[in-house]
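Comments concern the structure below.
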Amino acid sequence: IKVDATKIESSSSIKGTGTIAITEDGQVIPITVTAQNGDELIYNITVDLITIDENDMTLDDTISSIKSGNFHDNYVMGLTNVETIINAVTDANELAEVRIYNLDNEEVTSGSVGTGYKVTITVLEESKTFEVVIYGDTNGDSEIDILDLLRVQKDILGSSNLSTYDKKASDTNRDGKVDVVDLLRVQKQILGNSTIEQG
């Protein structure tokens, strides 16, 4: 494994980092930090090995087992926050690793997600990335507002070209096209007259 450490004080030094060969379960890796005055502090990292059984679920098994059924065709639909996405995946396979990134490619660990966020699922060193679709949220800010209404309107008029996931988010009634019905649904959501169903 690769062990890295960052010192807070530039005058201190660190020993024990780098690529470490793991030869046994419970192996202890000592990281020694030496202060400018010579005082030493040792941090011990214990490494527990996980045995991979050939019967463990693969990535495809995990994705097909997600109970919500919201992961398909490279999209995540119907899940509106980080916690529900992670829970949906880990309920299917507790060994799966889930990472979620916003439109600036920064990892997010809590809160709402927006259209265009990326969800990467890793199982047994195999990964697949999905794009989040929140119906009505065409600009990926996790909200349905006047900016989304204008983007849908421009798409209908042909004065803008929405990308694949933006286009999917604009199709609020999921009939395969973006039209005035979708525009009215976004408008009603903004006015509080109705709510666009995500599930």
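The values are calculated or read from the model by the stated rules, or taken from the named source; none is laboratory data. Everything numeric in this text was worked out from a predicted model, so none of it was measured. FYI the Cβ positions are ideal-geometry reconstructions off the backbone, even for glycines, and counts take in every protein chain you see. Ligands, DNA and RNA are stripped out before the accessible areas are found, and what is left, the full protein with its side chains, is counted by its heavy atoms. Shrake-Rupley method; radii C 1.70, N 1.55, O 1.52, S 1.80 Å.
For segment 75-83, does any single residue satisfy the condition of being charged (D, E, K, R) and closer than 30 Å to LYS188 by Cβ? Scanning segment 75-83, I find at least one residue that is charged (D, E, K, R) and closer than 30 Å to LYS188 by Cβ, so the answer is yes.
Residue check: is THR23 without any contact (Cβ under 8 Å) to a residue 12 or more places away in the chain and open to solvent by 80 Å² or more (accessible area, probe 1.4 Å)? In short, yes.
Screening segment 91-125 for residues that are over 11 Å from the mean Cα position of the chain (by Cα) and among the acidic types (Asp, Glu) and picking the one that is modelled with the lowest pLDDT gives GLU125. A single entry from ASP145, ASP137 fulfils the requirement of being more than 23 Å from ILE63 (Cβ to Cβ), within 22 Å of the chain's Cα centre (by Cα), modelled with pLDDT of 95 or more and not aromatic (Phe, Trp, Tyr): ASP137.
With respect to (1) more than 17 Å from GLN198 (Cα to Cα); (2) touching a helix residue (DSSP H, G or I) at 6+ places or on another chain (Cβ under 7 Å); (3) modelled with pLDDT under 95; (4) charged (D, E, K, R), the lone exception for LYS128 is condition (3).
Among the listed residues ILE134, ILE121, which satisfies the condition of being in contact (Cβ under 8 Å) with a residue 60 or more places away in the chain, in contact with a strand residue (DSSP E or B) (Cβ under 7 Å, 6 or more places away or on another chain) and of a type in the set (A, V, I, L, M)? Step through it out loud before you land on a result.
On the way: ILE134 fails: in contact with a strand residue (DSSP E or B) (Cβ under 7 Å, 6 or more places away or on another chain).
Unique residue meeting the criteria: ILE121.
Tell me, which residue of segment 69-80 that is open to solvent by 40 Å² or more (accessible area, probe 1.4 Å) and touching a residue at least 24 places away in the same chain (Cβ under 8 Å) is farthest from the chain's Cα centre (by Cα)? It would help to see each step written out before you state the result.
Residues of segment 69-80 that are open to solvent by 40 Å² or more (accessible area, probe 1.4 Å), as a first pass: 69, 72-74, 80.
Still in the running and touching a residue at least 24 places away in the same chain (Cβ under 8 Å): 74, 80.
Details: ASN74: 13, THR80: 11 Å.
The selected residue is ASN74.
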